[in-house]
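Asks: Below: one structure in structure tokens.
The values are calculated or read from the model by the stated rules, or taken from the named source; none is laboratory data. Keep in mind the model is a prediction, meaning the values are calculated, not measured. Cβ placement follows ideal geometry from the backbone for every residue including glycine, while neighbour counts extend to all protein chains displayed.
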2 protein chains.
Amino acid sequence: MNITYKNLTDTAAYAELASTSPVSLTEILTPERIQSCSIPVGGNLNYNYAAMPVSKSIIDVLQALADEQQLSDKYRAILNGSIMNTGESRAVLHHLTRGKLGDEVVLDEENKREFYLEQLEAMKSFSEKIHNKVIKGSTGKPFTTVVQIGIGGSDLGPRALYLALSGITRKMSAEFISNVDPDDAAAVFKRINFEETLFIVVSKSGTTQETLTNQGLALRKMAESGIPGIIPAKHMVAVTSKTSPLAASDDFLKSFFIDDYIGGRYSSTSAVGGLILSLAFGFRTFQKVLEGAAEADRNALNPDIRKNPAMMDALIGIYLRNILGIPTTAILPYSQALSRFAAHLQQLDMESNGKRVNRFGEPLNYQTGPVIFGEPGTNGQHSFYQLLHQGTDIIPLQFVGFSSSQYEEDIVVDNSTSQEKLNANLAAQIVAFARGKNDDNPNKQFPGGRPSSLLHGKKLTPESLGALLAHFENKVMFQGFCWNVNSFDQEGVQLGKILTKQVLSGNSDAILEAYFSLLK
Amino acid sequence: MNITYKNLTDTAAYAELASTSPVSLTEILTPERIQSCSIPVGGNLNYNYAAMPVSKSIIDVLQALADEQQLSDKYRAILNGSIMNTGESRAVLHHLTRGKLGDEVVLDEENKREFYLEQLEAMKSFSEKIHNKVIKGSTGKPFTTVVQIGIGGSDLGPRALYLALSGITRKMSAEFISNVDPDDAAAVFKRINFEETLFIVVSKSGTTQETLTNQGLALRKMAESGIPGIIPAKHMVAVTSKTSPLAASDDFLKSFFIDDYIGGRYSSTSAVGGLILSLAFGFRTFQKVLEGAAEADRNALNPDIRKNPAMMDALIGIYLRNILGIPTTAILPYSQALSRFAAHLQQLDMESNGKRVNRFGEPLNYQTGPVIFGEPGTNGQHSFYQLLHQGTDIIPLQFVGFSSSQYEEDIVVDNSTSQEKLNANLAAQIVAFARGKNDDNPNKQFPGGRPSSLLHGKKLTPESLGALLAHFENKVMFQGFCWNVNSFDQEGVQLGKILTKQVLSGNSDAILEAYFSLLK
């Protein structure tokens, strides 16, 4: 296959898309449409786009855009190990952590799938030894708590997944320390018993300022704890690259490895997320997450957008962003377990596609990644939904919902269970946003026409969680291809690091110093 | 004083504002400007707007707009008990919960300041009795945990404040249950000991579906706990209005009262936030929050915007939203303790000013409230800052930072403490956003010109927290006056409630039913 890269606005399909007639949600939304617009994602999860303002003819043009931008071919190129992170000249291999859908990938004289499987085996074996008390703390007590020290992708994804699975019986409880604000670590230290705690220090480069600082805090705290016989290094493992300073350090009981081909925000299915999930819930649970993700990855290969949920989601997003000009998207899971999932997606999406140059470094003349925000429903209904319903801007919504709760501890109040109330609210919101309501009192009028999609499943299981994670990763990837940006680097984080070093080394200029002085 | 209400675009100042010359941040940002642009907020907190794109002449026009829209007079009208929540024909009295800056307000044959003081006294007395073990659980054990059951304003503000003060030695630990998702309550029930737990059920109307359902869950859980002699009603207090069904119920040990003049999102300084904060930290700590808020309220009275931080913040926001056309704002506290503060502000701002009709119910032809989102720094730097620096849209930023940490447990790594690193990062980010950086590689180029403000103080104390809370409440109020909307109702939440009832009672139409079926 012959892959070419062009800007969105240079495609014939885009010009066609711009000339399609907009659709009235109130008119197109029928029971038949709702029933026919669900696409299986994987892990028993489905993506439904009935309440999105796309007619059959618009979808046909979106399909033409998908074809013209060669979304499937470019995804295959990723799977086959092509250098798709052009800025950093790297392959993009996160899919390979959960299955093999393309050619063998050999890089740095290593078969990468075998490398990831090796790390999986290491996580399995280590977590079992911890659970079976073969490996214990340095004072002889079993490990009961695991604390992940990491930031960004080493924190948000793993934390969101951990919280999402907390309805499953845990083998160990988990805590997370991310912020360089010392209060973050101090609060966690107050809650844990060092003798029974295993720290996981996660940094691919082994040089992340926040993470090394918090590692130092943890080591000092243990050393100064006065616990007789405690050996801090026996309470700490690393997840890092083989070439990092951490890999060579004596500070760790053991090291697990990742490589440069897994971006931080795509690392939840590598050892970055896998070790803590295996420890907290058992390796089998993590494996189920991988299985759900692998299924979603397979479904994302279908070139027919009507059968490819991630591609459909991506293309509808392009329509909303570039044709309708909408700058934000809200993520609204009706599941308390997904309370931090929006924060993960915020990084995934905004860090991947918040770019102003294309993959060749040429400035773009159209909008790319939107602002992503969100909170679980029904909480959001009592918070910012007012603006979503009656504000002056239209915000597209991505709902997530499940038939059953996780804990299955429920109660009938006023003839319905909590779960029924939750889902009645969810259905009601979708319809209220789409159709609105007329009222003689303009203050009670709802304009409607506010688009949404719904990811729906039977229950939030490890499999459906893996599929949910992969769905959004693949959506973001496809959008990056449409926009012709490199979704896999993050040069925008560098300038802040440089200026921070200037401040800390006393080499800042007068403006930087003036700001730092305000904080002294 | 003679108050008139007009739309933003009908003011002479707005026309003038639209014709001002835009400002280059790179050019105006000097050390002198940074030093001279801080305005005291209260509680040792300051608002600095040096990195906002407003020149002296733009500020002069913003002052003219403030004068023409009579912001000070309208604020005084609120303080004096005028019916400023026009949609619901109510006074707006949250300022009165923390001090008295206007006339006596007598409503419903009651002096409202006296009523709020009475409730404060009740919280003081009750929390002291709990702490002194005069009031104990029904099985004779002291109360050690307090669980607030509430949603929206009964949850987000109190929770944000509780987390913000957790660096202070606690008298009791607190938990929150908000979501009707039964997993939310189930997770909390797993963590607590019912014998030592006091529940606070918070609902002004006493009819909030989520809250009553979760109250039912808690009562059932206690009744079914098998703990000999436990009496659920002796473990539950209410915060509600005097006329609500909860006030008349026998389910409670005691009731505390609020009234219709305190909107949910403005209720943190009433018994809604006061009871849980008094129980968790002691009444004196809550009182300090009130003192900080009261100081900010006083400073917000100054008609000179250069001396009024909330008014300046509000007017710069209007300039960004309506002249520069920017649809979002990010809240970025460099303080882990403020981890949920952005979620509170999201409700406060978006629910107050996400309106499309003016206070007379007439549709508006300009944009009102923006989308608000945010996470603490430095975490956000490793997440969505990529888009903020190098995305195609400009997002204005509201930073918050403090000289000292709360726990004061810190460590020197590479010659600097964590707190120094935190603040070096904060200073670096402000400057990076404002000035950007040229580079031959366009992928490493930072366009700059990205505006931000900084709320800065010595330490996050109860007083500075109260001032921070009130600052944003007053900012939102002033923006509502500028836009000529009623910031104190929320009709946009009603339609969802109506449709939810239709689903639950089996009276939904085919479209609603089709969506509900997807979730069965």
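Asks: Can you tell me which residue in the stretch A:496-511 is surrounded by the most Cβ atoms within 10 Å (Cβ to Cβ), limited to those that are within 7 Å of chain B (Cβ to nearest Cβ) and more than 17 Å from residue B:380 (Cα to Cα)?
Replies: It comes out as A:503.
Asks: So, in the stretch B:134-171, how many residues would count as being in a loop (DSSP other than H, G, I, E, B) and either at pLDDT 95 or above or among the charged types (D, E, K, R) (or both)?
Replies: 17
Asks: Checking the conditions here, which among B:380, B:401 is among the small types (Gly, Ala, Ser) and either closer than 30 Å to residue B:489 by Cβ or within 7 Å of another protein chain (Cβ to nearest Cβ) (or both)?
Replies: B:401
Asks: Does the stretch B:199-216 contain at least one residue that is of a type outside the set (Ser, Thr, Tyr), under 18 Å from residue B:276 (Cα atoms) and in a helix (DSSP H, G or I)?
Replies: Looking for residues that are of a type outside the set (Ser, Thr, Tyr), under 18 Å from residue B:276 (Cα atoms) and in a helix (DSSP H, G or I), one finds at least one in the stretch B:199-216, hence yes.
Asks: Is there any pair linking a residue in the stretch A:95-108 that is closer than 14 Å to residue A:470 by Cβ to one that is polar (S, T, N, Q), with Cβ under 6 Å and at least six apart or on different chains, and which?
Replies: Correct list of pairs: A:97/A:269; A:97/A:270; A:98/A:269.
Asks: Condition test on residue A:47, is it part of a strand (DSSP E or B) and either in contact (Cβ under 8 Å) with a residue 60 or more places away in the chain or buried (at least 22 other Cβ atoms within 10 Å of the Cβ) (or both)?
Replies: Spelling it out, residue A:47 is indeed part of a strand (DSSP E or B) and either in contact (Cβ under 8 Å) with a residue 60 or more places away in the chain or buried (at least 22 other Cβ atoms within 10 Å of the Cβ) (or both).
Asks: From the list B:41, B:106, B:92, B:54, which one is at pLDDT 95 or above and surrounded by fewer than 18 Cβ atoms within 10 Å (Cβ to Cβ)?
Replies: Selected residue: B:106, the only one of B:41, B:106, B:92, B:54 that is at pLDDT 95 or above and surrounded by fewer than 18 Cβ atoms within 10 Å (Cβ to Cβ).
Asks: So, residue B:168, is that one more than 10 Å from every other protein chain (Cβ to nearest Cβ), touching a Phe, Trp or Tyr at 6+ places or on another chain (Cβ under 6 Å) and surrounded by fewer than 19 Cβ atoms within 10 Å (Cβ to Cβ) or not?
Replies: Yes: the conditions hold for residue B:168.
Asks: Checking residue B:436 against (1) crowded, with 20+ Cβ neighbours inside 10 Å; (2) facing chain A (nearest Cβ under 8 Å), which test does it fail?
Replies: (1)
Asks: Taking the stretch B:356-377, which residues are within 7 Å of another protein chain (Cβ to nearest Cβ), assigned to a strand (DSSP E or B) and surrounded by 24 or more Cβ atoms within 10 Å (Cβ to Cβ)?
Replies: B:371, B:373
Asks: Looking at the stretch A:433-520, what helices (runs of 4 or more DSSP H) fall wholly within it and have at least 3 residues that are over 22 Å from the mean Cα position of the chain (by Cα)?
Replies: Passing ranges, in order: A:494-504, A:510-518.
Asks: Which numbered condition trips up residue A:152, out of (1) in contact with a strand residue (DSSP E or B) (Cβ under 6 Å, 6 or more places away or on another chain); (2) surrounded by 23 or more Cβ atoms within 10 Å (Cβ to Cβ)?
Replies: If we test residue A:152 against (1) in contact with a strand residue (DSSP E or B) (Cβ under 6 Å, 6 or more places away or on another chain); (2) surrounded by 23 or more Cβ atoms within 10 Å (Cβ to Cβ), just (1) comes out false.
Asks: Mind checking which residues of the stretch A:380-427 are assigned to a loop (DSSP other than H, G, I, E, B) and of a type in the set (Asp, Glu)?
Replies: Hits for the stretch A:380-427 are A:393, A:408, A:409, A:410, A:414.
Asks: Note down all Cβ pairs under 8 Å where the first residue falls in the stretch A:1-25 and is over 24 Å from residue A:361 (Cβ atoms), the second is in a loop (DSSP other than H, G, I, E, B) and among the hydroxyl-bearing types (Ser, Thr, Tyr), and they're at least six residues apart or on different chains.
Replies: Final answer for the pair search is A:20/A:55; A:21/A:55; A:23/A:55.
Asks: How many of the residues making up the stretch B:450-479 are more than 10 Å from every other protein chain (Cβ to nearest Cβ) and touching a Ser or Thr at 6+ places or on another chain (Cβ under 7 Å)?
Replies: 5
Asks: Moving on to the next point. Within the stretch B:316-338, is there a residue that is assigned to a helix (DSSP H, G or I) and of a type in the set (Gly, Ala, Ser)?
Replies: Yes; the residues of the stretch B:316-338 include at least one that is assigned to a helix (DSSP H, G or I) and of a type in the set (Gly, Ala, Ser).
Asks: Is at least one residue of the stretch B:251-269 under 16 Å from the mean Cα position of the chain (by Cα), assigned to a helix (DSSP H, G or I) and either of a type outside the set (Phe, Trp, Tyr) or surrounded by fewer than 24 Cβ atoms within 10 Å (Cβ to Cβ) (or both)?
Replies: Yes.
Asks: Can you go through B:326, B:395, B:430 and tell me which one is more than 7 Å from chain A (Cβ to nearest Cβ) and not small (Gly, Ala, Ser)?
Replies: B:326
Asks: Among the residues in the stretch A:415-425, are any more than 9 Å from chain B (Cβ to nearest Cβ), over 23 Å from residue B:374 (Cβ atoms) and surrounded by fewer than 23 Cβ atoms within 10 Å (Cβ to Cβ)?
Replies: no
Asks: Of everything in the stretch B:177-193, what is outside any helix (DSSP H, G or I) and buried (at least 24 other Cβ atoms within 10 Å of the Cβ)? Give them in sequence order.
Replies: Once the filter is applied, which keeps residues that are outside any helix (DSSP H, G or I) and buried (at least 24 other Cβ atoms within 10 Å of the Cβ), the stretch B:177-193 yields B:177, B:178, B:179, B:180, B:181.
Asks: Moving on to the next point. Would you say residue B:224 is under 18 Å from residue B:159 (Cα atoms) and at pLDDT below 95?
Replies: So residue B:224 does not fit the description; no.
Asks: Can you give me the number of residues within the stretch B:1-36 that are closer than 17 Å to residue B:55 by Cβ and in contact with a Lys or Arg (Cβ under 9 Å, 6 or more places away or on another chain)?
Replies: Adding up the residues that qualify gives 3.
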